[in-house]
4 protein chains.
Amino acid sequence: MPTNGALWKLLADARVYDLSQPLQQSIPVSPNHPGFRMALLRRHGDMVRADGSSASNELIVMGAHTGTHIDALCHVSLNGLLYGGQDANEAQKGGLFSVLGMDTVPIVFCRGVMLDIPALLGVEVLGAGMPITSEHLSKACERQGVEVSPGDAVLIRSGWPKYWNDSETFVGLSGGVPGPDESAAAWLTNRRVRVTGAETIAYECIYPGRGHSLLPVHRKLLVESAICIIESMNLTELARENVSEFLFVLTPLKIVGGTGSPVRPIAVVS
Amino acid sequence: MPTNGALWKLLADARVYDLSQPLQQSIPVSPNHPGFRMALLRRHGDMVRADGSSASNELIVMGAHTGTHIDALCHVSLNGLLYGGQDANEAQKGGLFSVLGMDTVPIVFCRGVMLDIPALLGVEVLGAGMPITSEHLSKACERQGVEVSPGDAVLIRSGWPKYWNDSETFVGLSGGVPGPDESAAAWLTNRRVRVTGAETIAYECIYPGRGHSLLPVHRKLLVESAICIIESMNLTELARENVSEFLFVLTPLKIVGGTGSPVRPIAVVS
Amino acid sequence: MPTNGALWKLLADARVYDLSQPLQQSIPVSPNHPGFRMALLRRHGDMVRADGSSASNELIVMGAHTGTHIDALCHVSLNGLLYGGQDANEAQKGGLFSVLGMDTVPIVFCRGVMLDIPALLGVEVLGAGMPITSEHLSKACERQGVEVSPGDAVLIRSGWPKYWNDSETFVGLSGGVPGPDESAAAWLTNRRVRVTGAETIAYECIYPGRGHSLLPVHRKLLVESAICIIESMNLTELARENVSEFLFVLTPLKIVGGTGSPVRPIAVVS
Amino acid sequence: MPTNGALWKLLADARVYDLSQPLQQSIPVSPNHPGFRMALLRRHGDMVRADGSSASNELIVMGAHTGTHIDALCHVSLNGLLYGGQDANEAQKGGLFSVLGMDTVPIVFCRGVMLDIPALLGVEVLGAGMPITSEHLSKACERQGVEVSPGDAVLIRSGWPKYWNDSETFVGLSGGVPGPDESAAAWLTNRRVRVTGAETIAYECIYPGRGHSLLPVHRKLLVESAICIIESMNLTELARENVSEFLFVLTPLKIVGGTGSPVRPIAVVS
């Protein structure tokens, strides 16, 4: 408890970085998932209380994987099995997951590292369909003077938010999207990272024209290694201010049996 | 940056408390708001990729004020005006709020204080419809040896999660619900707290039989003092472990123009 | 084509009876199904065109079996099989039904017969949990001077709309609900009726305290005999005006692969 | 009642034409309205009853104006007023329409006429952005040997369903869409038609590049003349079989205070 004082006094000068994209109807959406939509059920004035007060509130309809979000381990299966060899069919019986659901994803509160690949390569944004390899990750660590240790969160920048307002390009079904390839996935699993995130919808590399036909990195991370994936992050500000390591906090909604959750991840430095 | 090392090394032993309730269809819901519902759009096996992998994801339908959530300032108006005298009608034109929406609610990362009123009174849970007064808050501070300073988050415990599985009682339309009254609201505004939360759906005291006919504390906090309100929290664990002050972190979804957001607030001690 | 003139000239004096209940948030809902909710996405004034015109439209969230609705054959299975021995698991793969879905339910345009059981028994409404038997159906035919032939629609009145505004009673989870029993189901299948409907949510008899634990009539009609079921009808007006036979028209929404559809069935006499 | 026998005996040979498009996620959608989405809440096998039966049902999320649908009079306003000079703001207070809502749209059961403009012009489908004028309507009547009388439903064919599977073309935001212009609207209002429908999303002519910036025909029909509009119909089969007049039946969902309803309109000949 004495250190508690140290904790929050230290954080008095904490700088908090918002690593999320906004949620609104116009955001780019993966072909497999619903978009975001809200409609005000009540507006101010619809019902006015005796004291002149009124309220407004909305109905929200969205996918669990809409906008900046995290995938639970139950999101992907391989040959009918989830992580740990658990039967996917059994797990999903009843319409929600009895194991490995969103409610089993722990709150993330750990050291985070942002690896800036565009900066490594001296570009503003990576090319569509460009694979980020293990070599890129190692060199970025070198360039930025950081190391990745077990239990860390690793956020991989591509610069893709540049196209956030150009849905077709951002989703990249035909054009492709940059992202970690299988060697990068292995690099992460070898280091036993806690969780990993990127700035695209699909996280991993989508080659031009391939769409989401195969997602080997999802398989390796979620199914084989129990590493949750965060998608559609915005790491622009971290890059602009050269922040490579930080306290990483991500508090997913405790959706019982869900496969994903919208999130507002943050990076904190002091 | 040197202190960054101190930051996360210090937090290596951080204990994180989850202050939220789960999200599922069966949760108690305010009469004015939709409940939580999810439906798997795809289940594992619906579509199997060439490599044997498959995926599952859901459609979510919920209210912005469903489950543990935070109210944005645009949620309540008085005499047609939002906080700062802004016209509510103008603000809501278009179906979402052009000012004071959820996207304008800053990420909360500050000192937090939990005031345990049942413990103060030597009971397990407060009575339905019991007002928590400024005097209770002062005495709780005294008993727990804490002070509330400007910029703090103040979480007020009532023990109401005891009835979480008894919707009718929890919502308390006829029976009433314990919570801060206007004197408590003034106590909070005088101390210029950052944000405040409680364990009930309505946050403030609902007298038996009155329902939500008048919500003066919402008015005082949201409309008059720009203090956001967090509802349906679960402070049981904090109480059980006698945690009175902590780092409080709350990262609301960045819903553009929204009136509320489901959240997963946490308390961290080290 | 000559008879076409006869057709609509004859119908110039047609009297159309609306056999549906209204759709709004407050309607009684089966425990297994979502209710009805709408939220205006846009209101008049949100966006005004150059000519001063404006528009309003809503988002609708509902279950397929909400309000007055018809069940498709894929709604119920027995031992993993749908009507015709089709595998239910295979049929539902992909998240919608590849066989026997709502889009395969033909438009209903046939002779209809309304059997008034309360009138038969000299009561206003049948008792909760009271089974309507084959004997009741035969006696009603006798009393009303009608016969049921193959291809007819048979609507069975219980008077249950009397409790439409008392959700708990109407749904009857503990109290039970009147409706056809297995002998009545056999009576209908023997006469090879086209489709059948009733005024309750569950159509068939729900015995007090049993809830929806077993629904043998659904099984017999949908799975064994390919007879679709219409629920939550309102036959009050037909009864009041002593209408026993009529042209019955029901045009279900062509929901591809769906299990049900809200409908507005009508009876026409001339 | 004697004529009742004539009614349904006559209709024994009735041929029913389905004038609707299917409802599924992939259908073309107006920029202002949500699409159609369904998700099975339960699948067969999720819960198996004691007798081996199981059930499946879905959650539906859609716009009121999605797919084949009818507009209620409250859908459009002019200078803040609905049909009959009723104040739009007042009418929509509370989040649903207290006047002129979907529940006030009567069931349509009348003579119907289909005017085949492509056949008139000897083409398969009208050009994008081509206005259908009063002259076209008159000449079509002439060519098809029909007259339009007060109380009739007038369905205007353009052949646009040809592009149903090409969303971008079908919606025609940039390319435009054929449809009645203001002279055609006047032609309809002069004849005091009951209701009118077409095969496009917007019903009226959308000139290339103009999008939905102005919808004068909606204004004239809904606001000035109380004539409801049906959109996204499919009149292909009627055209193929040279059916010009028929019994027209449309039973909108009785959505209290709604602005539109999905429908399954039919044409019947005998």
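The values are calculated or read from the model by the stated rules, or taken from the named source; none is laboratory data. Please read these numbers as outputs of a predicted model, since none were measured by experiment. Glycine gets a Cβ as well: all are built from the backbone with ideal geometry, and neighbour counts include every protein chain shown.
Checking each residue in the range D:153-177 for being closer than 22 Å to D:G260 by Cα and either of a type outside the set (V, I, T) or surrounded by fewer than 18 Cβ atoms within 10 Å (Cβ to Cβ) (or both) picks out D:A153, D:L155, D:R157, D:W160, D:P161, D:W164, D:S167, D:F170, D:G172, D:L173. Is there any pair linking a residue in the range B:30-49 that is under 21 Å from A:L96 (Cβ atoms) and within 7 Å of another protein chain (Cβ to nearest Cβ) to one that is assigned to a loop (DSSP other than H, G, I, E, B) and of a type in the set (D, E, K, R), with Cβ under 6 Å and at least six apart or on different chains, and which? So the pair list comes out as B:D46/C:K93. Taking the stated definitions as given, is D:V154 at pLDDT 95 or above and under 23 Å from D:I27 (Cα atoms)? Spelling it out, it is not the case that D:V154 is at pLDDT 95 or above and under 23 Å from D:I27 (Cα atoms). Looking at the range D:208-222, can you tell me whether even one residue there is over 22 Å from D:L78 (Cβ atoms), more than 12 Å from chain C (Cβ to nearest Cβ) and either of a type in the set (V, I, T) or not in a loop (DSSP other than H, G, I, E, B) (or both)? No: zero hits. Answer yes if at least one residue in the range D:236-246 is away from chain C (no Cβ under 14 Å), closer than 22 Å to D:D103 by Cα and not small (G, A, S), and no otherwise. The answer is no, given that none of the residues of the range D:236-246 is away from chain C (no Cβ under 14 Å), closer than 22 Å to D:D103 by Cα and not small (G, A, S). Output the number of residues of the range A:95-153 satisfying the condition of being of a type in the set (D, E, K, R) and within 19 Å of the chain's Cα centre (by Cα). The number of residues fulfilling the criteria is 4.
Listed here are the residues, each with its yes/no results for (1) crowded, with 24+ Cβ neighbours inside 10 Å; (2) within 18 Å of A:W164 (Cα to Cα).
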| residue | (1), (2) |
| --- | --- |
| A:V195 | yes, no |
| A:I201 | yes, yes |
| A:R210 | no, no |
| A:E224 | no, no |
| A:M233 | yes, yes |
| A:E237 | no, yes |
| A:F248 | yes, no |
| A:G257 | yes, no |
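Residues that are within 14 Å of chain A (Cβ to nearest Cβ) and either part of a loop (DSSP other than H, G, I, E, B) or under 19 Å from B:D46 (Cβ atoms) (or both) within the range C:50-69 comprise just one, C:S56. Can you confirm whether the range D:70-83 contains a residue that is within 14 Å of chain B (Cβ to nearest Cβ), at pLDDT 95 or above and farther than 30 Å from D:V249 by Cα? Checking the range D:70-83: at least one residue is within 14 Å of chain B (Cβ to nearest Cβ), at pLDDT 95 or above and farther than 30 Å from D:V249 by Cα.
Looking only at the range A:116-159, residues that are in a loop (DSSP other than H, G, I, E, B) and of a type outside the set (S, T, N, Q) come to 17 in all.
For the range A:64-85, the set of residues classified as touching a Ser or Thr at 6+ places or on another chain (Cβ under 9 Å) and surrounded by fewer than 24 Cβ atoms within 10 Å (Cβ to Cβ) consists of A:L78, A:N79, A:G80, A:Y83, listed by residue number. The set of residues in the range B:38-51 being at pLDDT 95 or above and either among the small types (G, A, S) or within 30 Å of A:R49 (Cβ to Cβ) (or both) consists of B:A39, B:G45. For the range D:185-192, does any single residue satisfy the condition of being part of a loop (DSSP other than H, G, I, E, B) and among the basic types (K, R)? Yes, there is a match, as at least one residue in the range D:185-192 is part of a loop (DSSP other than H, G, I, E, B) and among the basic types (K, R). B:V99 satisfies every condition listed in (1) touching a helix residue (DSSP H, G or I) at 6+ places or on another chain (Cβ under 6 Å); (2) surrounded by fewer than 16 Cβ atoms within 10 Å (Cβ to Cβ) except (2).
Contact map, the range B:13-27: first residue basic (K, R), second residue part of a strand (DSSP E or B), Cβ cut-off under 8 Å, separation 6 or more or different chains; pairs are B:R15/B:V268; B:R15/B:V269. Take B:P265 and tell me if it is of a type outside the set (S, T, N, Q) and within 14 Å of B:V113 (Cβ to Cβ). So B:P265 fits the description; yes. Look at A:D116 and say whether it is surrounded by fewer than 19 Cβ atoms within 10 Å (Cβ to Cβ) and charged (D, E, K, R). Considered against the rule, which asks whether it is surrounded by fewer than 19 Cβ atoms within 10 Å (Cβ to Cβ) and charged (D, E, K, R), A:D116 comes out as no. Scanning the range B:230-245 for residues that are of a type in the set (S, T, N, Q) and assigned to a loop (DSSP other than H, G, I, E, B) yields B:S232, B:N234, B:N242, B:S244. Take the conditions modelled with pLDDT under 95, in a loop (DSSP other than H, G, I, E, B) and crowded, with 16+ Cβ neighbours inside 10 Å and apply them to A:G35. Does it pass? Yes; evaluated as a whole, the condition is true for this residue.
Considering each residue of the range A:76-83 in turn, at least one proves to be more than 23 Å from A:P208 (Cα to Cα), in contact with a helix residue (DSSP H, G or I) (Cβ under 8 Å, 6 or more places away or on another chain), outside any strand (DSSP E or B) and without any contact (Cβ under 8 Å) to a residue 60 or more places away in the chain. Test C:L188 against the stated conditions and say whether it is hydrophobic (A, V, I, L, M, F, W, C), farther than 28 Å from D:P22 by Cβ, at pLDDT 95 or above and within 12 Å of the chain's Cα centre (by Cα). Judged against the criteria, C:L188 is not a match. Restricting the range B:12-29 to residues that are surrounded by fewer than 24 Cβ atoms within 10 Å (Cβ to Cβ) and within 23 Å of D:R37 (Cβ to Cβ) leaves a set whose member that is farthest from the other protein chains (Cβ to nearest Cβ) is B:V29. I'd like to know if the range C:3-16 contains one or more residues that are at pLDDT 95 or above, touching a Leu at 6+ places or on another chain (Cβ under 9 Å) and not basic (K, R). Looking for residues that are at pLDDT 95 or above, touching a Leu at 6+ places or on another chain (Cβ under 9 Å) and not basic (K, R), one finds none in the range C:3-16, hence no. Number of residues in the range B:102-113 that are more than 8 Å from chain A (Cβ to nearest Cβ), closer than 15 Å to B:P252 by Cβ and either surrounded by 24 or more Cβ atoms within 10 Å (Cβ to Cβ) or β-branched (V, I, T) (or both): the value is 4.
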